[in-house]
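The block underneath contains the structure these notes are about, expressed in structure tokens.
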Number of protein chains: 2
Amino acid sequence: MSSCCLTQKELLEIYGKDACQCPSPNKNMSLVFSQTKPFDLIELEQLLQSVGWSQRPMSKVRIALENSLLKVGLWRHDPAFPRLIGFARCTGDGVLEATIWDVAINPIYQGVGLGKLLMNYVNQSLRDIGVTRITLFADPGVVAFYLSQGWVLEPKGNRCAFWYAN
Amino acid sequence: MSSCCLTQKELLEIYGKDACQCPSPNKNMSLVFSQTKPFDLIELEQLLQSVGWSQRPMSKVRIALENSLLKVGLWRHDPAFPRLIGFARCTGDGVLEATIWDVAINPIYQGVGLGKLLMNYVNQSLRDIGVTRITLFADPGVVAFYLSQGWVLEPKGNRCAFWYAN
């Protein structure tokens, strides 16, 4: 069996009991969503920086992950060295509000629909725990991406507002 | 002593150890911020509906409050029957991101600067725990209010996006 193929045993042992396979655009590549497989923080920050997010202190990222309502890794399967190729996390109260942050697909793996699959997975996971309204702040370059997936921009004329501590 | 006046002993006993007085526009009225005094959920929902927020299931509101990063009550002091006249809560990870929800000042008490004092208190409380970026979704009618307080709308052309579960 090729090392890219993934058995049910490997899926659960390597990626955690909640893990599930993500449809792959390439038959030589197995992809997995996991909410529990721990992240290497350096690998995670490299992924986020590869899509343009600015660097944050590692100690703060660690706490932010611990305090997130949901954190999802999209892994390219390799039995010895699974690679983190996508990520998203949510903050929120778990019932009324959830906000998505830090969405990233490694640029090498972009353009084949993985961003959409990741967002579908995140939305479904939030729906599964009972959240009915999900929010995010979209950069101008990805507004069309979210619109095409059924997201609504600024309903009723709402506006985003940001406040930065000195 | 008039019943509206508030002793330090009353402040801590009625409103909790974290409580602090809020400058009052009226010398016959003492106002208090508290992050720990429990809310009567019916009183809270009445306050939120008085400013136009839609009704939510009480059971969900209870969980949402428990899972909030911060929840602030603005109370009009009365030794026997403190009244909730303002409210705001935040979700977030406590270090990188905080989002403010459910901001309300009872319409009877609006127009005298209490909204600004409430937001200052919330921002300072979040800054005290180390959050450096705060976000919110502002209705069109209150955009000017937030702008006047130093909030920035859609920096770098960001857009809000909402997704509603079926």
**Complete:** Of the listed residues (B:137, B:145), the one being free of Cβ contacts under 8 Å to residues at least 60 places away in the same chain, of a type in the set (A, V, I, L, M, F, W, C) and closer than 26 Å to residue B:26 by Cα is B:145
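For every residue, the table says whether it meets (1) modelled with pLDDT under 95; (2) within 27 Å of residue B:132 (Cα to Cα); (3) of a type in the set (D, E, K, R).
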| site | (1), (2), (3) |
| --- | --- |
| B:32 | no, yes, no |
| B:52 | yes, no, no |
| B:84 | no, no, no |
| B:90 | no, yes, no |
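Counting only residues that are of a type outside the set (A, V, I, L, M, F, W, C) and in contact with a Lys or Arg (Cβ under 9 Å, 6 or more places away or on another chain), which one in region B:25-67 is nearest to residue B:78 (Cα to Cα)?
My answer is B:30.
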**Message:** Going by what's in this entry, would residue B:62 be described as surrounded by 18 or more Cβ atoms within 10 Å (Cβ to Cβ) and over 19 Å from residue B:12 (Cβ atoms)?
**Reply:** no
**Asked** Checking residue A:93 against (1) under 30 Å from residue B:65 (Cβ atoms); (2) out of contact with any helix residue (DSSP H, G or I) (no Cβ under 7 Å at 6 or more places or on another chain), which single condition isn't satisfied?
**Response** (2)
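Among the candidates B:31, B:44, single out the residue that is surrounded by 12 or more Cβ atoms within 10 Å (Cβ to Cβ) and either without any contact (Cβ under 8 Å) to a residue 40 or more places away in the chain or within 16 Å of residue B:117 (Cβ to Cβ) (or both). Reasoning before the result, please.
Details: B:44 fails: either without any contact (Cβ under 8 Å) to a residue 40 or more places away in the chain or within 16 Å of residue B:117 (Cβ to Cβ) (or both).
Going through B:31, B:44 in turn, the sole match is B:31.
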**Asked** Of the conditions (1) crowded, with 18+ Cβ neighbours inside 10 Å; (2) more than 11 Å from chain A (Cβ to nearest Cβ); (3) small (Gly, Ala, Ser), residue B:92 fails just one. Which one is it?
**Response** (2)
**Request:** Could you tell me whether region B:105-125 includes any residue that is at the interface with chain A (Cβ under 8 Å from one of its Cβ atoms) and under 22 Å from residue A:67 (Cβ atoms)?
**Result:** yes
**Message:** If residue A:154 satisfies all but one of (1) facing another protein chain (nearest Cβ under 10 Å); (2) surrounded by fewer than 17 Cβ atoms within 10 Å (Cβ to Cβ); (3) within 26 Å of residue B:147 (Cα to Cα); (4) within 18 Å of the chain's Cα centre (by Cα), what's the number of the condition it fails?
**Reply:** (4)
**Request:** Hey, could you check region B:36-69 for residues that are of a type outside the set (A, V, I, L, M, F, W, C), within 14 Å of the chain's Cα centre (by Cα) and assigned to a loop (DSSP other than H, G, I, E, B) and say which is nearest to the other protein chains (Cβ to nearest Cβ)?
**Result:** B:68
**Prompt:** Among the residues of region A:70-80, is there at least one that is more than 9 Å from every other protein chain (Cβ to nearest Cβ), in contact (Cβ under 8 Å) with a residue 24 or more places away in the chain, part of a helix (DSSP H, G or I) and surrounded by 15 or more Cβ atoms within 10 Å (Cβ to Cβ)?
**Reply:** no
**Prompt:** Within region A:125-135, can one find any residue that is touching a strand residue (DSSP E or B) at 6+ places or on another chain (Cβ under 8 Å), more than 28 Å from residue B:90 (Cβ to Cβ), surrounded by fewer than 19 Cβ atoms within 10 Å (Cβ to Cβ) and not β-branched (Val, Ile, Thr)?
**Reply:** no
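Sort out which residues of region A:126-151 are aromatic (Phe, Trp, Tyr) and facing chain B (nearest Cβ under 7 Å), and write them in order of number. Before you say what the answer is, go through the steps one by one.
First, pick out the residues of region A:126-151 that are aromatic (Phe, Trp, Tyr): A:137, A:145-146, A:151.
Selection gives A:137, A:146, A:151.
The values are calculated or read from the model by the stated rules, or taken from the named source; none is laboratory data. Quick caveat: nothing in here was measured; it's all calculated off a predicted structure. Note: ideal-geometry Cβ built from the backbone for every residue, glycine included; neighbour counts use all protein chains shown.
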